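As structure tokens, the structure follows; a few thoughts come after it.
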Amino acid sequence: MLDEKIATLLKDIKRLKDKLREKEKLLFVHLQEKNNNLTTCKYSKGLTKEEITRYSRQMLVKEIGLEGQLKLKNSKVLIVGAGGLGCPVSVYLASAGIGEITIVDYDDVELSNLHRQILHTEDDIDHPKVNSIYDKLHSINRNLKIIPIKQHMDSHTIKQLLDSNTFDVVVDGSDNVATRYLLNDACVLNNIPLVSGSALQLEGQLTVYNYNGGPCYRCLFPVPPPPETVTSCGDGGVLGPVPGLIGVLQAHQTILILTNSSDGVLSQRFLVFDGSSATFRNVKLRPRNINCAVCGDNPLITELIDYEQFCGAGAHDKVENINILSKTQHIEAEELPKKLGTSLILDVRPHLQFDLCHLPYTTNLPFAEIEKPDALDLVKRLVKNIDADNEVIVLCRRGNDSQRAVSLLKQKLSDLPVNFLNVKGGLHAYSKYVDSDFPDF
Amino acid sequence: MDIKVQFGGGAELLFDNKKHYDISLPSKEKPWIIGDLLFWLKEHLLKERPDLFLQDNSVRPGILVLINDTDWELMDTVNYEIQLNDCIMFISTLHGG
Ligand SMILES: [Zn+2]
């Protein structure tokens with residue numbers, strides 16, 4: 001009864017919100033028409049009466065003033081990523097009166113985004129992130145030009161975008177290495193400063209590339225990191241305020257660049273925030289490398305390349321599924337329930353994930369520790385106690401580490417009379433096909 | 001010679017998940033340079049696969065080395081002569097957002 005009431009209300013609210021969105025769209029068309037004929041305030045220069053009031057508090061700062069505000073109004077900024085960084089960046093830039101903001105992201109909103117991606121709400125789940133941001137920014141300032149683009153950024157799409165627009169600043173709020181190199185090279189080739197931020201767990205990093213003769217990303221990191229050393233927010237986790245802080249600082253850097261306040265721009269400087277000790281570090285970096293492959297005096301890279309190939313990793317932060325075992329070494333998630341309590345089941349996720357939620361009758365043995373003698377001894381001891389089927393079932397979050405574990409255990413414990421089996425798709429598959437009460441994360 | 005060694009951005013995961021170490025380098029004939037320190041760290045503190053920290057006698061791509069908050073590229077990289085109380089930091093770059 002209660003569930004029914006809640007469902008009906010949620011449905012009503014969604015219907016009303018959709019209707020509201022339609023009206024907003026219509027209003028925007030009329031407002032645009034009106035704004036085309038809008039006259040600036042006859043008592044000032046270049047701004048309307050409303051703009052003077054709206055931005056007065058920041059124009060009273062002497063570094064901004066009327067002149068700075070006009071610069072912001074006439075600026076175009078591209079933000080790549082509508083996530084943990086993109087949300088704070090875009091909300092502060094829109095509020096500050098940047099004339100035109102283009103925001104690009106391919107993803108839809110998920111429940112696990114909401115703790116840090118502060119512009120998205122429950123009602124936005126499964127909708128494109130850029131549409132959600134568009135709505136929120138418009139509710140702050142209906143007069144701004146916000147251009148949402150739901151697209152994957154690659155060499156082709158960014159070239160199109162940069163060929164048809166003149167951006168004053170690009171903000172990197174992406175979540176993967178390939179996109180970071182892509183944006184760097186695109187900015188160098190088009191002579192645009194790049195405000196780069198990143199965050200993971202309790203740490204954040206911030207710098208500005210390709211600004212006033214300063215270094216670019218490749219000057220610092222000519223070679224991409226080995227893919228196995230790169231951790232995503234989905235695996236390593238991230239505390240919301242950390243990307244929040246870095247994103248706000250990215251907006252601040254963008255405003256400094258747009259208003260020519262070059263002393264404050266983090267070019268050839270690197271700001272590191274460590275939330276575990278609440279400390280900032282302001283590091284002095286090398287200058288531009290004259291031998292840099294893209295910004296050097298004789299660049300090797302004169303047009304955009306294939307960045308996924310260059311980095312050996314996809315331009316996203318999702319896990320790519322592996323398949324390294326033979327058909328007979330798998331079981332389906334649907335077969336798990338009858339094995340619980342009868343077979344030996346090893347859950348090879350990290351302790352932290354096991355603590356969040358786990359199946360009953362499973363033993364936690366993190367993959368990272370599995371090669372250590374203690375872990376192998378434990379498996380040997382556990383195997384002694386099993387009687388049925390002589391099988392050991394290995395389980396993890398998505399079914400990748402468990403395959404690696406099966407392969408490793410099989411090799412290290414080849415003398416044991418048991419069969420190691422992987423659960424296809426891991427706990428994701430269990431949640432999806434067996435019991436949706438098991439949390440999906 | 002007492003110095004501080006720090007890790008950040010995930011590089012600490014290779015060093016027993018500790019971000020700060022106060023270490024005492026044994027005295028030797030030639031001055032200690034960063035290149036020596038890299039191998040000393042590999043021998044004494046590194047807990048994970050060496051190739052996740054070192055490659056070709058230097059740090060692996062994606063790790064920034066800071067000497068007293070200055071990029072080691074401004075300080076002669078592996079050849080920098082370590083001074084008493086120096087703070088040497090290894091920071092891995094982050095990519096998440
Ligand atoms: Zn460069």
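Quick notes on this structure:
- Residue in region A:200-214 that is nearest to the other protein chains (Cβ to nearest Cβ), counting only those that are more than 18 Å from residue A:168 (Cβ to Cβ) and surrounded by fewer than 24 Cβ atoms within 10 Å (Cβ to Cβ): A:201
- Per this entry, residue A:208 is counted among residues that are closer than 30 Å to residue A:115 by Cα and β-branched (Val, Ile, Thr).
- For beta carbons closer than 6 Å, sequence separation of 6+ or different chains, a first residue in region B:48-62 that is within 8 Å of chain A (Cβ to nearest Cβ) and a second that is assigned to a loop (DSSP other than H, G, I, E, B), the qualifying pairs are B:61/A:223; B:61/A:225; B:62/A:225; B:62/B:93.
- Conditions (1) in a loop (DSSP other than H, G, I, E, B); (2) in contact (Cβ under 8 Å) with a residue 60 or more places away in the chain: number failed by residue A:337: (1)
- Qualifying residue in region A:20-37 (condition: aromatic (Phe, Trp, Tyr) and free of Cβ contacts under 8 Å to residues at least 12 places away in the same chain): no
- Some residue of region B:11-31 being within 22 Å of residue A:220 (Cα to Cα) and assigned to a strand (DSSP E or B): no
- Residue match in region B:72-86 (condition: within 7 Å of chain A (Cβ to nearest Cβ) and closer than 17 Å to residue A:219 by Cα): yes
- Close pairs (6 angstrom Cβ cut-off, 6 or more residues apart or separate chains): within 14 Å of chain B (Cβ to nearest Cβ) in region A:293-313, within 16 Å of the ligand (Cβ to nearest atom) and of a type in the set (D, E, K, R) anywhere: A:293/A:218
- Verdict on residue A:137 being surrounded by 16 or more Cβ atoms within 10 Å (Cβ to Cβ), more than 16 Å from the ligand (Cβ to nearest atom), away from chain B (no Cβ under 11 Å) and over 26 Å from residue A:293 (Cβ atoms): yes
- Scan of region A:206-228 for residues that are more than 14 Å from the ligand (Cβ to nearest atom) and either of a type in the set (Asp, Glu) or touching a strand residue (DSSP E or B) at 6+ places or on another chain (Cβ under 7 Å) (or both), ordered by number: A:206, A:228
- Count of residues meeting criterion [of a type in the set (Phe, Trp, Tyr) and in contact with a Gly (Cβ under 7 Å, 6 or more places away or on another chain)] in region A:260-313: 1
- Total residues in region A:408-428, condition crowded, with 17+ Cβ neighbours inside 10 Å and among the polar types (S, T, N, Q): 1
- Residue A:197 being buried (at least 23 other Cβ atoms within 10 Å of the Cβ) and not in a loop (DSSP other than H, G, I, E, B): yes
- Residue within region A:351-365 that is aromatic (Phe, Trp, Tyr) and in contact (Cβ under 8 Å) with a residue 24 or more places away in the chain present: no
- A single member of B:34, B:67, B:23 is farther than 30 Å from residue A:80 by Cβ, away from every other protein chain (no Cβ under 14 Å), of a type in the set (Val, Ile, Thr) and buried (at least 17 other Cβ atoms within 10 Å of the Cβ), and it is B:34.
- Hey, residue A:235 touching a residue at least 60 places away in the same chain (Cβ under 8 Å), more than 16 Å from the ligand (Cβ to nearest atom) and within 12 Å of another protein chain (Cβ to nearest Cβ) or not: yes
- Taking (1) out of contact with any Pro (no Cβ under 6 Å at 6 or more places or on another chain); (2) within 16 Å of the ligand (Cβ to nearest atom) in turn, residue A:320 satisfies each apart from (2).
- Every residue from region A:275-297 that is of a type in the set (Val, Ile, Thr), farther than 17 Å from residue B:66 by Cα and more than 6 Å from the ligand (Cβ to nearest atom): A:290
- Restricting attention to region A:78-100, the residues that are away from every other protein chain (no Cβ under 14 Å), out of contact with any Leu (no Cβ under 6 Å at 6 or more places or on another chain), closer than 25 Å to residue A:53 by Cα and surrounded by 24 or more Cβ atoms within 10 Å (Cβ to Cβ) add up to 1.
- Residue match in region B:88-97 (condition: more than 10 Å from chain A (Cβ to nearest Cβ), touching a strand residue (DSSP E or B) at 6+ places or on another chain (Cβ under 9 Å) and not aliphatic (A, V, I, L, M)): yes
- In region A:160-203, the residues that are small (Gly, Ala, Ser), without any contact (Cβ under 8 Å) to a residue 60 or more places away in the chain and in contact with a strand residue (DSSP E or B) (Cβ under 6 Å, 6 or more places away or on another chain): A:196
- Inside region B:1-20, residues that are in contact with a Cys (Cβ under 9 Å, 6 or more places away or on another chain) and within 11 Å of chain A (Cβ to nearest Cβ) make up a count of 1.
- Screening region A:57-175 for helices (runs of 4 or more DSSP H) wholly inside it with 1 or more residues that are at positive phi returns the ranges A:65-73.
- Hits in region A:19-45 - residues which are surrounded by 14 or more Cβ atoms within 10 Å (Cβ to Cβ) and over 19 Å from residue A:135 (Cβ atoms): A:41
- Some residue of region A:94-106 being within 21 Å of residue A:238 (Cα to Cα) and at pLDDT 95 or above: yes
The values are calculated or read from the model by the stated rules, or taken from the named source; none is laboratory data. If you're wondering where the values come from, they're calculated on a predicted model, not measured in any experiment. Because the Cβ atoms are built from the backbone with ideal geometry, glycine has one as well, and the counts that use them run over all protein chains shown.
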